[in-house]
Amino acid sequence: MNSLYWSIIYLCIVLSTAELLGPESRKDKEKNDDDDSEISENPDINKKFRDGFLKMLTESIKDNFDKNEEIEETIKDLFTDPSKLSDAQIEQIKYAVNLLKKRALLKHSDTGWNQDAKINKENDSELEKTEEVLKDILGNLQNSQVEEEPDLTPELKEAKEIYDAAIAKLDRRSADLRGAILQVKHAAERGYRPANIKLAWSYLFGEGVELDVDKAKDIFERLASEGDADAHAGMGFLYATGIGVSVSQARALVHYTIGAIEGSDYAQMALAYRYWSEVTVPSSCPKALQLYMKVAAKVASKVTLSGGPAIQRTRLMDEAEGGGALDSDLIEYYQLLADKGDVQAQVGLGQLHFQGGRGVTLDISKALHYFQQAAKAGNAVANAFLGKIYLEGGDGIKPDNETALRYFKKAAELNNPVGQSGLGIMYLQGRGVPKDTTAAFKYFTMAANQGWVEGQLHLGFMYFGGIGVRRDFKQANKYFSLASQSGHVLALYHLAHMHAQGLGVLRSCTTAVELLKNVCERGSWSARLMLAHAAWRARDLDSAFLQYLALAERGLEVAQTNAAYLLDTGAVSLFPEAERWRRALQLWGRGAAQGSAGARLKLGDYHYYGLGTAPDLEAAAHHYRIASEQLHNAQATFNLGYMHERGLGLARDPHLAKRCYDLAADTSPDARLPAALALAHLHATAALHSVMESPIAALFLSGESGLLDNWDAYLIAVLAASLGLVVLLRRPQRPN
């Protein structure tokens, strides 16, 4: 059935573009309406075009699939004998074709899809035109037309104001979540489309409203039929994950493709991840690059000098013992210390309120209050952050270059790199001082030499653009690389461009995609990780799972492993047990492919116990070996030792078992006690085996010597049982 899905997708794309670029001599065009005509009702596809189309279509997918004959037969059936197709197959084809016809995908001109207008003039063959479109359908996304938002009616303008106010509350992580979503609902009821999309996702996540998948689906379906890109992305998510509908990767791919072309960042990220990780589509680095490039540009354009709100990427597997976000009691303790004049507590609370996160609401006014208290005591960090606040303004605080300059100078005099970098920005941009690139370069260098990320970033900008210094791409790459190690979005973004274009480094599509993917995963939507974690702590497990699952479709590894963890522990009530294991296995696999040691370990456990798949000890050993040798996971190394000791999926080898136990103990302090017990059992087993094989042992055990009485036999039995218990406790852990 998978091969049929792929043939459907390729068929839909080519049929749509063929309608767009078809020969002018074709007199009887198909009606561009929503009728449900069968594929067999297309007799006006002439034989010449049909044969050429069949050849081109089959050749275009031969390199990407193993079952070429099956695909070719399916495609032939579409044009020669549609009666061979099942009702389900025809229904799938009809759905995809009508969906694409209905959409404004066909509204673009020929030059909008083809970069080189000369090709259109020189190509007299409609077949060559169609093939060109097929090859470049995603490659030319950057040239697709973007519809401008139409003038809003007074009612819609009012709805937009209500919606913007609600989003501002949500961005500040206001505690009044229900109130903000209620505002979104009011805006949606007045017909404001972005509010309807937000409301649909809120219904899907149970965010401020009762979780209701059916209501979310109804909104997405209605808006998708009207051509909304984000609604197509929502429908793509539902079909890809089987939430509220039957799983259909073909339909998901159609919706994601339309949403990506029309500018939905969710659809673009989901589709880029699929091309990058070869999930239901052939691997294609160039396609992933162009899709990620579009989303990364949106993310980079919204980055402020402050870096934006902080995001905690908590792994639920690491939360078993209650670690993680700060408790309210601890925050109150810091507030008490700050009120008593503790400068470090004042600075810490100021930074928490400046960036939000860790149980603290983003509040610039409160940050200003705490920083001012610490600055009175002469704290350099507080002065530097006060400079950042007055340089940018926000939340009722007007930007003030003179005040910002004063605070930055105080911090710089105390050799604070944040203050030095702030002065560099003011001299570079001429804010409150005359422009002076030499002074800016000096201050950025001082900050960079102390390891401050913003100093490194701006030095990269100056070398990249030749601002005040001679243009030097290698130096730009050096400083962008240093800044990217701290995770700065703009450093990652520009470094990706350099790798994509080969500026100062060897051109590398793979490296560029990895960097751009990192940028995209730091967009505003990543705050959903914290909302999902908050839902998990509140025991709203279905909501937490759906939020993690939505981010997992975007390709976030943390979200994939967290969603898998919730399925693994049986916390999710949306699926029967057998399906739960299969879904968890899939998500663990995607997380493992992105380098998660915990996910790779879980893959080994699932194959060991046969969860979501048939038991396969060799596959389990394979995953344990990757987690051990490449990801240095102590538990995986220990499990390899156990399998070598018992001969499970691996050759029985006590020497390799001992080596694995030793390595596990060296890798993690937590593994030392289990490894010591395992080694004791291994040595005891070897000693008993050696004794039992000796000639004297036979005499003792026969009872003829009288040297082995019943009490000795009892002690040996107890020792054997105890060692057996140790073995039982250290087997690979079976999930719940």
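Remark: segment 651-658, residue by residue, has Karplus-estimated 3J(HN,Hα) of 5, 5, 8, x, 5, 5, 4, 4 Hz, where x stands for each Gly or Pro and the curve is 6.51 cos²θ - 1.76 cosθ + 1.60 at θ = phi - 60°. Element breakdown for segment 523-681 at a 1.4 angstrom probe: carbon and sulfur atoms account for 52% of the accessible area. For segment 160-245, the dipole from Cβ point charges (+1 on Lys and Arg, -1 on Asp and Glu) about the Cα centre works out to 220 debye, to the nearest 20. Using only the Cα atoms of segment 533-655, each taken as one equal point scatterer with no solvent, compute I(q) by the Debye sum, divide by I(0), and report log10 of the ratio at q = 0.12, 0.17, 0.18 Å⁻¹. At q = 0.12, 0.17, 0.18 Å⁻¹ the computed log10 ratios are -0.46, -0.82, -0.90. The dipole here belongs to segment 500-574: it is taken about the Cα centre, uses +1 on the Cβ of Lys and Arg and -1 on the Cβ of Asp and Glu, and is about 240 debye.
Taking amide H as placed 1.01 Å from N in the peptide plane, the amide H of W452 sits under 5 Å from none that are at least 5 places away or on another chain. Take the Cβ atoms of S508 and N415, set R0 to 45 Å, and the FRET efficiency comes out at 0.75.
Note that segment 480-541 presents 42 Å² accessible area per residue, ligands and nucleic acids not counted, probe 1.4 Å.
The values are calculated or read from the model by the stated rules, or taken from the named source; none is laboratory data. Only a predicted model underlies this, so the values are computations on that prediction, with no experimental measurement involved. Quick reminder, even Gly has a Cβ in these numbers, built from the backbone with ideal geometry, and neighbours come from all protein chains shown. These accessible areas exclude ligands, DNA and RNA; they are computed on the full protein's heavy atoms, side chains included. Shrake-Rupley method; radii C 1.70, N 1.55, O 1.52, S 1.80 Å.
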